[in-house]
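Data block below; observations after.
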Number of protein chains: 2
Amino acid sequence: MTDLDPAIAARLKRSADGLVPAVVQQHDTGEVLMLGWMDDQALHMTLTTGRATYWSRSRNEYWVKGETSGHQQWVKSVALDCDKDTILLQVDQVGAACHTGDRTCFDADVLLSVDTPGGEHRA
Amino acid sequence: MTDLDPAIAARLKRSADGLVPAVVQQHDTGEVLMLGWMDDQALHMTLTTGRATYWSRSRNEYWVKGETSGHQQWVKSVALDCDKDTILLQVDQVGAACHTGDRTCFDADVLLSVDTPGGEHRA
């Protein structure tokens, strides 16, 4: 049972466990903060409450980001990709996105970094 | 059978189908371009060839991005997240990332966009 807009639910493509990956990005700096998982109801809550809400696969419950840590994610935009099987969520992240205290979940384990001294930057 | 560095393979956490989601970001502008899926060998190829390589779930084969379209992704950095179950790939994207011709796969279906006129921007 879900409250998600039927027009959105009709085009959403879910994995076998009924979830869709959500890429979470800081809206102004462009940092990729984390990847979460949403079912229809978590997407509905995210769209209607202004607070990023996920399905926790480890705890098997809804997870309103920042509810216990205080590190809320205020929703700025939500988009589906061309295949309707991935969500891009742009947020304003309060404090650290990662439970380790790092700003993003991708800060600690860099496998490869190609140096481009003097390289062209289009930003 | 895979050629992936055993130290990386040992910490990688895969879904039931042996895949890990890879968030793909333009390295300089920060745009989130797409989400792809990698198995161990695709990650190995991405790390060693400098070309982003995925496992195509629809075609059931390795997919060297841009091989047919010419829209290559040149790898700039590769990182694992804190849970070791998501990859962040920063690339230099040639042309459009999306098969529709859009720059990113998230351009066409925006579900919500919160206007913040005069809002603070930290970028």
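The numbers here are math on the coordinates, done by the rules we state, and not lab data. All values derive from a computational prediction rather than experimental measurement. Counting neighbours? That spans all protein chains shown, and the Cβs are built from the backbone with ideal geometry, glycine included.
The table that follows gives values for the structure above.
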{"quantity": "All-pairs alpha carbon distance profile, chain B, 5 Å steps from 0, percent", "calculated": "2, 10, 20, 22, 18, 13, 8, 4, 3, 1, 0"}
{"quantity": "Computed FRET value (nearest 0.05) for B:ASP85 with B:ARG59, which takes r as the C-beta separation and R₀ as 30 Å", "calculated": "0.80"}
{"quantity": "Nearest-first distances (nm) between copies at B:SER58, label 7 Å from Cα via Cβ", "calculated": "3.3"}
{"quantity": "Point-charge dipole on Cβ atoms (K/R +1, D/E -1) for the protein assembly as shown, about Cα centre, debye to 20", "calculated": "200"}
{"quantity": "Helix axis angle, B:40-49 relative to chain B longest principal axis, alpha carbon, degrees", "calculated": "70"}
{"quantity": "Whether the protein assembly as shown is rounded, prolate or oblate, judged on the alpha carbon gyration tensor where a/c under 1.5 counts as rounded", "calculated": "rounded"}
{"quantity": "Span from the the stretch A:59-110 Cα centroid across to the the stretch B:1-76 one, whole angstrom", "calculated": "22"}
{"quantity": "Across the identical copies, how the B:ASP5 labels are spaced - nm, sorted shortest first, 7 Å along Cα→Cβ", "calculated": "4.4"}
{"quantity": "Charged-residue dipole, Cβ positions (Lys, Arg, Asp, Glu), the stretch A:1-112 about Cα centre, Debye nearest 20", "calculated": "140"}
{"quantity": "Length added when fully stretched, A:ARG14-A:TRP74, from 0.36 nm per residue minus Cα-Cα", "calculated": "19.2 nm"}
{"quantity": "Net +/- balance of residues flanking A:THR68 in space, Cβ distance below 14 Å, scoring K and R +1, D and E -1", "calculated": "+1"}
{"quantity": "Top positive-direction residue, dipole computed over the stretch A:7-123 with Cβ charges, set A:THR86, A:VAL32, A:PHE106", "calculated": "A:THR86"}
{"quantity": "Under 28 Å from B:LYS76, Cα to Cα: lysines that are on another chain or at least 8 residues apart", "calculated": "A:LYS76, A:LYS84, B:LYS13, B:LYS65, B:LYS84"}
